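Following: one structure in structure tokens, then a few remarks.
The values are calculated or read from the model by the stated rules, or taken from the named source; none is laboratory data. In this text the structure is predicted, and so the values were computed from the model without any measurement. Reconstructed Cβ throughout: ideal geometry from the backbone, glycine too, with neighbour counts over all protein chains shown. Only protein heavy atoms, including side chains, enter the accessible area calculation; ligands, DNA and RNA are left aside. Shrake-Rupley method; radii C 1.70, N 1.55, O 1.52, S 1.80 Å.
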Amino acid sequence: SNQVPTLTLACRKLSYAHKAPPANPDEAITFLRDGNKRFISGNIMAPNRNMERVKDLASGQKPFAAFLSCADSRVPIEIIFDQGFGDVFITRIAGNIATPELVASLEFGTAVLGSKIIYVL
């Protein structure tokens, strides 16, 4: 079965690539580490990377990780960490410079959207 578990938050039905969203920062890191291992080994699950997921996210998002990433198009975060749409909140800039605008976006990702970690790549 290719069913994805769901979680109801604030009257919104959101699905996750995992049985449940990570409960803490350590679990969030584990989700990313495991996803990257799948990517490296070629055992990609491509969880929640489909139109159904896009429609599910129309009413809101709850990413479990926020990223400060390089603007390099060769580093698609959802793919190299084998996560689904809406699982990660990504900011990108050439040179990975944490400008005030990027810091504010990362604060939004954690304080408002609920990301458990900020990952600088």
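Numbers at a glance
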{"item": "Kirkwood-type radius of the stretch 12-118, with distances r between different C-alpha atoms, in Å", "result": "14.2 Å"}
{"item": "Within straight-line cross-link reach of Lys116, aspartates and glutamates at Cα separation under 19 Å, skipping those fewer than 8 residues along the same chain", "result": "Asp26, Glu27, Asp34, Glu78, Asp82, Asp87, Glu107"}
{"item": "Highest to lowest packing among 73-84, 99-110, 57-68, scored as the average C-beta count within 10 Å", "result": "57-68, 73-84, 99-110"}
{"item": "Residue-averaged 222 nm ellipticity for the chain, from DSSP H runs of 4+ at -39500 (n - 2.57), nearest 500", "result": "-8000 deg cm²/dmol"}
{"item": "Virtual spin-label span in nm between Ala104 and Arg38, 7 Å along Cα→Cβ", "result": "3.5 nm"}
{"item": "Rounded percent of accessible protein surface that carbon and sulfur make up, the chain, 1.4 Å probe", "result": "57 percent"}
{"item": "Chain lengthening between Val120 and Lys55 when straightened (0.36 nm per residue, less Cα-Cα)", "result": "20.5 nm"}
{"item": "Solvent-accessible area per residue, Å², over the chain with all protein chains present [probe radius 1.4 Å]", "result": "58 Å²"}
{"item": "Under 14 Å, Cβ to Cβ, from Arg49 - net charge with Lys/Arg +1 and Asp/Glu -1", "result": "-2"}
{"item": "Formal net charge of residues neighbouring Pro76 (Cβ-Cβ distance under 15 Å; K, R +1; D, E -1)", "result": "0"}
{"item": "Candidate residues Ile97, Ile90: accessible-area rank, largest first, probe 1.4 Å", "result": "Ile97, Ile90"}
